[in-house]
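The values are calculated or read from the model by the stated rules, or taken from the named source; none is laboratory data. Since this is a predicted model, take the numbers as computed values, not measurements. Because the Cβ atoms are built from the backbone with ideal geometry, glycine has one as well, and the counts that use them run over all protein chains shown.
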Amino acid sequence: MEYYCVILQSTMKIYKVRFFGSKYYKQYILPELIKFSNIKIVENDNFDIGIVADYGHIFKPNELNCAKFGFFNFHPSDLPAYRGSTPLQTMILDGIKQSCVTLIKMNEKIDAGEIISKYIYNLLPSDTTKTLKEKTALIASKMLNDIFLFLNGKIMAKKQNIDKILDTQKLEKKECKINFNDSIIIADRKIRACFSNPKAYILYNKTRLIIHTAKIIDNCLKIEVIQKEGKRPLTFDEYKKGEKDKILLDKLSKFC
């Protein structure tokens, strides 16, 4: 993880801002931050505002108190639904078609801060965890000014509805296991959700076959890139040339 410190001028005040985020958010948020006037990158820990996005760190109360005006987090779900570390993966697995990027003012509880603003986006049938990270990062970069509108009293934050809380948990490998009796819809969701770590896989005769990409075509799941554990990824056509188990090939070729 990386952080960046900038001095950012809003319409009323100059704020020192420290950004905590993943590479997906870095590539979109930093260019937007420098569009504000009087930007200067600094290296010290003296900052007024913390901006957090896909950082993977639970901030303790003493850390949250470091920022004069608080910490603000961009979360890629319609909070309070899908709180926690795997909102994108879990929404894909659940077949969610629409969600929001939610901007909150952070408190000591995970993803439980007051809501400042939301921006709706669609989850497409082709979206993976990776494409959704890029999509939500771009959206978050366009919501930055909401932080300063809030600080200047132009937006009022509201508490989350505790009756709609839905927590997510870190995905276990078993949740990414594809069974031959899975429906093509479930198998496809597992492949798109388990796109990085863990990855979707099929276990056959104690051998793990990692499925990197696949598409639903003519009501069948067509594997595009496959990798036998310990080997390099191959296109499915390449894999078929070297696989001698005809029963396995038949199962993989007719995933319908």
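Assorted remarks:
- Residue count for segment 158-183 satisfying the condition of being closer than 18 Å to residue 105 by Cα and either of a type in the set (Val, Ile, Thr) or loosely packed, with under 14 Cβ neighbours inside 10 Å (or both): 5.
- Members of segment 207-256 found to be among the acidic types (Asp, Glu), modelled with pLDDT of 95 or more and not in a helix (DSSP H, G or I), listed by number: 224
- Considering segment 135-156, and only residues there that are surrounded by fewer than 15 Cβ atoms within 10 Å (Cβ to Cβ) and touching a residue at least 24 places away in the same chain (Cβ under 8 Å), the residue that is nearest to the chain's Cα centre (by Cα) turns out to be 142.
- Scan of segment 213-235 for residues that are surrounded by 17 or more Cβ atoms within 10 Å (Cβ to Cβ) and touching a residue at least 12 places away in the same chain (Cβ under 8 Å), ordered by number: 213, 214, 221, 223, 226, 227
- A count restricted to segment 191-206 and to residues that are part of a loop (DSSP other than H, G, I, E, B) and over 13 Å from residue 226 (Cα atoms) stands at 6.
- Of all residues in segment 218-239, those satisfying the criterion of being acidic (Asp, Glu) and closer than 20 Å to residue 192 by Cβ are 218, 224.
- Tabulated pairs, segment 73-101, first on the phi > 0 side of the Ramachandran plot, second surrounded by fewer than 20 Cβ atoms within 10 Å (Cβ to Cβ), C-beta under 7 angstrom, 6+ apart or interchain: 82/166; 84/110; 84/167; 84/169
- Number of the condition not met by residue 120 [criteria: (1) at pLDDT 95 or above; (2) within 15 Å of residue 51 (Cβ to Cβ)]: (2)
- Verdict on residue 187 being surrounded by 16 or more Cβ atoms within 10 Å (Cβ to Cβ), in a strand (DSSP E or B) and among the small types (Gly, Ala, Ser): no
- Among the residues making up segment 201-216, those that are under 22 Å from residue 246 (Cα atoms) and aliphatic (A, V, I, L, M) are 202, 203, 209, 210, 211, 214.
- Residues located in segment 13-39, provided they are among the small types (Gly, Ala, Ser), in a loop (DSSP other than H, G, I, E, B) and either at pLDDT 80 or above or touching a Ser or Thr at 6+ places or on another chain (Cβ under 8 Å) (or both): 22
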